[in-house]
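One structure below.
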Amino acid sequence: MTPAHLEPREVLVDGHRLAYREAGDGPPVLLLHGIPTSSELWRDVIPRLAQSRRVVAPDLLNYGRSDKPARADVSINAQARLMLGLMDALGLRRVDLVAHDIGGGVAQIMAVRRPERIARLALANTVCFDSWPIPEFQPLQAPGAEDGMSLDDFLAMLRDFLPNGVHRREALGEDAIETMLDPWSDEAGKRALFRNFRRLNPEYTGAIAGELETLPHPTLILWGRHDPFQKLAYGETLAATIPDARLEVVEDAAHWIMAEKPGEVADRLAAFLDA
């Protein structure tokens, strides 16, 4: 059961209903998830950060409990605009920004385009440069790919895929898998996720790659050593590109570091944000 203070709230941004979770008081920190997850990814990290901060964890458009419009732009480029709109709607002038996977691509665009809105930046196992889409997702980007896949086959595919993102299979229990699957568990959800697959485009991170060298933000690059999707070498390159960045490696963890090592991840983020 989700704690009452983490039950999703809603706000309207550019005509779309965005769901978000909020906890704590103090300097604001915005947590962004990736694909195919939602703000639930952060549920075991939020309580630690909320001890000294106002934590806001939204569901990106077309993810989680946010609206899933059939024709909206859900690229990381569009999501960056929506997240800045979310900040405006919630009265967040400037935030610490923490992001994972494609949420990290969103965060990079936000930091490049509106650097004054970001205080500190933390990127965890993030897409960057030409690191994405991963090979597993490329066949799913084909037009009409969802039409030839039943809902049962689609969910079975995701159940097989998700454990590949942890170093130890037991670190991602069945309850966690079912929570990740919940937003996609009907036909509308299936079609929404395929729309998200089709907007995975390295053009956006490639376009800003040179501008990462100008970012003024203290930056933490946090990476699971055994990530099969976003290789550690990309984290090393990212840390070498952003001027005020340092890389910290999470041992015995892969892509879903918030599920595998929530306490360690929360402590590392808190130490960085409070520095």
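Where a number appears in this text, it was derived from the coordinates with a stated rule and is not lab data. None of the values given here were measured: they were computed from a predicted structure. Glycine also receives a Cβ, built like all others from the backbone with ideal geometry; neighbour counts cover every protein chain displayed.
In deg cm²/dmol and to the nearest 500, what is the mean residue ellipticity at 222 nm of the chain if only DSSP H runs of at least 4 residues count, each as -39500 (n - 2.57), divided by the residue total?
-10000 deg cm²/dmol
As a test of the definition: which semi-axes, in Å, follow for the range 64-219 when you take the square root of five times each eigenvalue of its alpha carbon gyration tensor? Largest first, please.
Working through the eigenvalues yields semi-axes of 29, 17, 16 Å.
Counting Lys and Arg as +1 and Asp and Glu as -1, what is the net charge of the other residues whose Cβ lies under 14 Å from the Cβ of Ala176?
Residues near Ala176 contribute -3 overall.
Excluding residues fewer than 8 places away in the same chain, name every one of the lysines whose C-alpha is closer than 25 Å to that of Lys231.
Lys261
Quick one: what are the phi-derived ³J(HN,Hα) couplings along the range 70-75, Karplus 6.51/-1.76/1.60 with θ = phi - 60°, whole Hz, x for glycine and proline?
In residue order, the calculated couplings are 5, 10, 6, 6, 10, 5 Hz.
Three principal axis extents, largest first, for the C-alpha atoms of the range 1-129, in Å?
Principal-axis extents of the Cα atoms in the range 1-129, largest first: 36, 29, 28 Å.
Would you kindly calculate the translational diffusion coefficient of the chain, applying Stokes-Einstein with the Kirkwood radius from alpha carbon pairs, for 20 °C and a viscosity of 1.002 mPa s, and quote it in µm² s⁻¹ without decimals?
After rounding, the answer is 116 µm²/s.
Using the Cβ atoms and a cut-off under 10 Å, what net charge is assigned to the surroundings of Tyr20, where Lys and Arg are +1 and Asp and Glu are -1?
Net charge in that neighbourhood comes out at 0.
Using θ = phi - 60° and the Karplus curve 6.51 cos²θ - 1.76 cosθ + 1.60, what whole-Hz ³J(HN,Hα) does each residue of the range 15-27 get, with Gly and Pro shown as x?
x, 10, 7, 9, 8, 8, 10, 9, 7, x, 9, x, x
In Å, what Kirkwood hydrodynamic radius results for the range 1-73 from the alpha-carbon pair distances?
12.5 Å
Once all Cα-Cα distances of the range 140-261 are split into 5 Å bins that start at 0, what whole-number percent is in each one?
2, 10, 15, 16, 16, 17, 13, 8, 3, 0
Would you please give the residues with an amide H less than 5 Å from that of Thr126, counting only those at least 5 places away or on a separate chain, with H modeled from the backbone geometry?
Asp101
So what are the ³J(HN,Hα) numbers for the range 52-64, from phi and the Karplus equation (6.51, -1.76, 1.60; θ = phi - 60°), rounded to whole Hz, Gly and Pro as x?
9, 9, 8, 9, 10, 10, x, 8, 4, 4, 6, 10, x
What does the charge add up to near Arg120, with Lys and Arg as +1, Asp and Glu as -1, over the other residues with Cβ less than 15 Å from its Cβ?
Cβ neighbours under 15 Å give a net charge of +3.
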